[in-house]
Amino acid sequence: MPAEHHLPTLLQQMTPSVHPEVFVFCCFSNGRLPEALSPVGSFHEPEGLTAIVPLRQAQALGLAFQFESRMVTLTIHSALDAVGFLARISAALAARGIACNVVSAFHHDHLFVPRDRLDDALQALDELSRSG
């Protein structure tokens, strides 16, 4: 199925799915991941390699981390060049005071929201989806 560009369709069919684990963000200034680590995402910056990893792995390895979050995957295949989709989602979450770190992958967008605000975030997404 081709990627979706149409904003009303993206909003109405986003269909959030919650990953069961808690995730955290770690930074490795040497630019290298420990071998035992299995990140769901990573990004190289001048200051180091940021990795998004399961909390249990970070704790087991004694790593410093920030932002205990839940990953909400928007299961619609959103186009990488779709306009306004994430802006609308960010605005809906911001209106409720919910922080959100977004990773746009090839097929889906993944929202990392504070673990204690997951239910609020899902409610905001549901309302946005219904209102289009």
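The values are calculated or read from the model by the stated rules, or taken from the named source; none is laboratory data. Everything numeric here is computed off the predicted structure, so don't read it as measured data. Note: ideal-geometry Cβ built from the backbone for every residue, glycine included; neighbour counts use all protein chains shown.
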Any residue at all in region 13-21 that's in a strand (DSSP E or B), within 21 Å of Val102 (Cα to Cα), in contact (Cβ under 8 Å) with a residue 60 or more places away in the chain and not small (Gly, Ala, Ser)? yes
Between residues in region 83-98 that are among the small types (Gly, Ala, Ser) and residues that are surrounded by 17 or more Cβ atoms within 10 Å (Cβ to Cβ), which pairs lie under 6 Å by C-beta distance while being six or more apart or on different chains? Ala92/Ala124; Ala92/Leu128
When region 69-100 is examined, which residues are found to be surrounded by 13 or more Cβ atoms within 10 Å (Cβ to Cβ) and charged (D, E, K, R)? Arg70, Arg88
Residue identified as surrounded by 11 or more Cβ atoms within 10 Å (Cβ to Cβ), in contact with a strand residue (DSSP E or B) (Cβ under 9 Å, 6 or more places away or on another chain), at pLDDT 95 or above and not in a strand (DSSP E or B) among Pro34, Pro39: Pro39
So Val113, is it over 13 Å from the mean Cα position of the chain (by Cα), among the aliphatic types (A, V, I, L, M) and either in a loop (DSSP other than H, G, I, E, B) or over 23 Å from Met1 (Cα atoms) (or both): no
Count, please, the residues in region 49-68 that happen to be surrounded by 15 or more Cβ atoms within 10 Å (Cβ to Cβ) and either among the charged types (D, E, K, R) or over 20 Å from Ser17 (Cα atoms) (or both). 8
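How many of the residues making up region 59-82 are within 18 Å of the chain's Cα centre (by Cα), without any contact (Cβ under 8 Å) to a residue 60 or more places away in the chain and not in a strand (DSSP E or B)? Show your work before the answer.
Filtering region 59-82 for residues within 18 Å of the chain's Cα centre (by Cα) gives 65-82.
Subsequent filtering for residues that are without any contact (Cβ under 8 Å) to a residue 60 or more places away in the chain retains 65-73.
Then keep just the ones that are not in a strand (DSSP E or B); that gives 65.
Within region 59-82, residues that are within 18 Å of the chain's Cα centre (by Cα), without any contact (Cβ under 8 Å) to a residue 60 or more places away in the chain and not in a strand (DSSP E or B) number 1.
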